[in-house]
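Below: the structure, in structure tokens.
The values are calculated or read from the model by the stated rules, or taken from the named source; none is laboratory data. Since this is a predicted model, take the numbers as computed values, not measurements. Neighbour counts run over all protein chains shown; Cβ positions are idealised from the backbone, glycine included.
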Amino acid sequence: MGFTREELQSFRDHTVPDLIGDDTRLLFVGINPGLWTAATKTHFCHPSNRFYPALCRAGLIDFDIDTDRGMTEKQRSSFIDAGMGISNLVQRATVRASELTADELRAGGERLHGLVAELRPAVVAVAGVTAYRTAFEARSAVIGRQDVEGDVEWWVLPNPSGLNAHVQIDDLAGWFRTVADRAGLS
């Protein structure tokens, strides 16, 4: 199936609702939705994105996502019931994250802090070190656990986008397994 370029462009600046439940223990955070994600209303859904394949390899989900259609309601429920959730730093869809301004990322960081205070997950895992550095004014942040005070552990993970090709799916699965263990999901 797929989408034409024109169809995808029609989703520019659309938003994708957070995928969260009342008992979210591990909150994954993307930078912002891409147009494919906006079209399918499923975070990290682009065919080249390794998010869901890495989750499968880490043993955190046992289903494949149809990237042309997005998650089914059953898959969404299964994801939430497993104690996981997904949000984004910035809610609006763009072709590339580089289209976002530093102000948008910082505002998104503030919004995320509010969401985390409300949800109180055990772990927040932000996928993308450069966006994290800007959103939280943490210029020296590196991949791994962050030195953030409080009851919630903050982690920065490699971005699972296919554009981040130097990070392999097994590496992503290892990071996902680590944050899941820290969140008590094992």
Item checked: Test: residue in segment 80-87 that is buried (at least 21 other Cβ atoms within 10 Å of the Cβ) and small (Gly, Ala, Ser) -> yes
Check: If we scan segment 94-103, do we find a residue that is part of a strand (DSSP E or B), of a type in the set (Ser, Thr, Tyr) and touching a residue at least 24 places away in the same chain (Cβ under 8 Å)?
Finding: yes
Check: Among the residues of segment 49-75, which ones are surrounded by 13 or more Cβ atoms within 10 Å (Cβ to Cβ), among the acidic types (Asp, Glu) and not in a strand (DSSP E or B)?
Finding: ASP68
Next item on the list: State all residues of segment 110-157 that are assigned to a loop (DSSP other than H, G, I, E, B) and either β-branched (Val, Ile, Thr) or closer than 22 Å to ALA82 by Cα (or both); if no residue qualifies, say none.
Entry: ARG120, PRO121, ALA122, VAL142, ILE143, VAL148, ASP151, VAL152
Next item on the list: Can you work out which of the residues in segment 1-41 that are among the small types (Gly, Ala, Ser) and over 12 Å from the mean Cα position of the chain (by Cα) is farthest from ARG133 (Cα to Cα)?
Entry: GLY2
Note to self: Just to be sure before I move on: is GLN9 closer than 23 Å to ASP170 by Cα and not aromatic (Phe, Trp, Tyr) in the structure I sent?
What the structure shows: no
Notebook entry, point to check: Yes or no: THR94 of a type in the set (S, T, N, Q) and more than 16 Å from the chain's Cα centre (by Cα)?
Noted result: no
Next item on the list: Report, by residue number, each residue of segment 164-183 that is part of a helix (DSSP H, G or I) and surrounded by 17 or more Cβ atoms within 10 Å (Cβ to Cβ).
Entry: LEU172, ALA173, TRP175, PHE176, ARG177, THR178, VAL179, ALA180, ARG182
Checklist line | Whichever residue in segment 90-108 is more than 18 Å from TRP36 (Cβ to Cβ) and either touching a strand residue (DSSP E or B) at 6+ places or on another chain (Cβ under 9 Å) or at pLDDT below 95 (or both) and, among such residues, is surrounded by the fewest Cβ atoms within 10 Å (Cβ to Cβ) | finding: GLU104
